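K.L.:
One structure, as structure tokens, below. Some questions next.
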Ligand code: NCD
């Protein structure tokens, strides 16, 4: 069987990403009409064992736009895991009913495990503090749309670089596009060495004001409190918070992105600045996910 799972961005090539972006634009420009029957008779199973608003809703919208049907189990309380069923049995069961699994799990590596158990494609919609490849694809798509290029980018990664899976997946793209990466985070939640070695790090600091002038893209993340019980009160966003004042020192065409949900790391008073692209980023997520679904079933 020709199985196309999306588990990590690690081995994705520029050609592969270009192709996804081209198709996202095609589907978008046709307002979804061009591929509206593409998933006819396909059943997509969304299994979200952690909270989600955007990833779930955008995959659901993408499934509907391409004419597929969706089954959702979005709360572990409503799965037989609570009755003591094994993860393996649950995944095999889902395969009996559906043509694809979109999986969010609190445990790193679980999407990969699932992809080895079943014959149908599995999409990793976030695995603990591992990766979030489809978010990174929508992030790259957003940089492409907003900046008009993916080369020669000075990328600032801000906030919780240790536990944010969106950051980890984005690092692999920073590598293939040869971006200059600036890490801006408290020391205890800095980028793990493994990812540091993956991309071209040009600066590391706790204070955004030290590097803000140099950045083309500022990618902000929230503190992943749920992944570090007990530590959550130790981190303050003061040194890297995005405010209109901080942004008065940034380039006029520097964009600010965030995977959302946000806490207090971007002031809402910055939202009306044209450099705040995070709500457009959210819409891009739906179109790139249409393109990802198309790829998986092509
Ligand atoms: C992110 C996630 O789930 O990793 N959210 C998302 O999918 N847009 C970021 C986060 O939870 O902080």
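Read-outs throughout are calculated quantities, based only on the coordinates presented, and are distinct from any laboratory measurement. These numbers were taken from a predicted model, which means no experiment stands behind them. Note that each Cβ is placed from the backbone with ideal geometry, even for glycine, and that neighbours are counted across all protein chains shown.
K.L.:
In whole Å, what are the extents of the range 254-298 along the principal axes defined by its C-alpha atoms, from largest to smallest?
P.N.:
Principal-axis extents of the range 254-298 (Cα, largest first): 43, 20, 14 Å.
K.L.:
Still on this structure, I have one more. Of the candidates 224, 281, 40, which one comes out as most mobile in a Gaussian network treatment of the chain with C-alpha springs shorter than 10 Å?
P.N.:
Of 224, 281, 40, the most mobile in the Gaussian network model is 40.
K.L.:
Can I ask one more? Give the angle, between 0 and 90 degrees and rounded to the nearest 10, that separates the Cα long axis of helix 87-97 from the longest principal axis of the Cα atoms of the chain.
P.N.:
60
K.L.:
Ok, one more. Round to the nearest 10 and give me the degree value, 0 to 90, for the angle of helix 14-29's Cα axis relative to the longest principal axis of the chain.
P.N.:
Computed tilt is about 80 degrees.
K.L.:
Any idea how far the Cα center of the range 226-298 sits from the one of the range 92-119, in Å?
P.N.:
28
K.L.:
So what's the angle, to the nearest 10 degrees on a 0 to 90 scale, between helix 278-296 and the longest Cα principal axis of the chain?
P.N.:
Computed tilt is about 40 degrees.
K.L.:
Please build a GNM for the chain, connecting alpha carbons under 10 Å apart, and tell me which residue among 179, 228, 247 fluctuates the most.
P.N.:
Greatest mean-square fluctuation among the candidates belongs to 228.
K.L.:
When the expected Rg is taken as 2.2 N^0.38 Å, what fraction or multiple of it is the alpha-carbon Rg of the range 89-146? Don't skip to the end; give the middle numbers.
P.N.:
Values: Rg = 13.1 Å, N = 58, 2.2 N^0.38 = 10.3 Å.
Compactness ratio reported: 1.27.
K.L.:
Continuing with the same structure: Just grab the label-to-label distance for residue 53 and residue 37, each label 7 Å out from Cα along the Cβ direction, in nm (one decimal).
P.N.:
Distance between label points: 3.7 nm.
K.L.:
Another one. Quote to one decimal, in nm, the extra length available between residue 89 and residue 193 on full extension: 0.36 nm per residue of separation minus the C-alpha distance between them. Before the final figure, lay out the partial values.
P.N.:
Values: separation 104, 0.36 × 104 = 37.44 nm, distance 3.53 nm.
Going from the current span to full extension adds 33.9 nm.
K.L.:
Over every pair of different alpha-carbon atoms in the range 1-157, take the mean of 1/r and invert it; report that Kirkwood radius in Å.
P.N.:
Working: mean 1/r = 0.0599 Å⁻¹.
Result for the range 1-157, one decimal place: 16.7 Å.
K.L.:
Continuing with the same structure: 222 nm [θ] for the chain, helices only, -39500 (n - 2.57) per DSSP H run of 4+, per residue, to 500? Let's see the in-between values first.
P.N.:
On the way: 9 runs with 101 residues, N = 298.
Rounded to the nearest 500, it is -10500 deg cm²/dmol.
K.L.:
Calculate how large, on average over all directions, the projected area of the Cα convex hull of the range 87-199 is; give the answer in nm² to one decimal.
P.N.:
Values: hull surface 31.7 nm².
Result: 7.9 nm².
K.L.:
Working from the alpha-carbon coordinates of the range 18-85, get Rg over Rh, Rh being the Kirkwood radius.
P.N.:
Numbers: Rg = 14.8 Å, Rh = 13.5 Å.
Taking Rg over the Kirkwood Rh, I get 1.10.
K.L.:
Another question about this same structure. Tell me the Kirkwood hydrodynamic radius of the range 164-263 in angstroms, computed as one over the mean inverse distance between distinct C-alpha pairs.
P.N.:
Values: mean 1/r = 0.0698 Å⁻¹.
With all distinct Cα pairs of the range 164-263 included, I get 14.3 Å.
K.L.:
Give the peptides 183-192, 162-171 in descending order of average Cβ contacts within 10 Å, highest first. Intermediate values should be presented prior to the final figure.
P.N.:
Working: 183-192: 18.8, 162-171: 25.5.
Averaged packing, sorted descending, gives the order 162-171, 183-192.
K.L.:
Using bins 5 angstrom wide from zero, how does P(r) for the chain break down, in % of all Cα pairs?
P.N.:
The distribution over the chain is 1, 5, 12, 16, 18, 16, 13, 9, 5, 2, 0, 0, given as percents.
K.L.:
Using only Cα atoms, what is the ratio of the radius of gyration of the range 187-245 to 2.2 N^0.38 Å? Display every interim value, and only then the final one.
P.N.:
Working: Rg = 13.0 Å, N = 59, 2.2 N^0.38 = 10.4 Å.
Relative to the 2.2 N^0.38 Å estimate, the range 187-245 comes out at 1.25.
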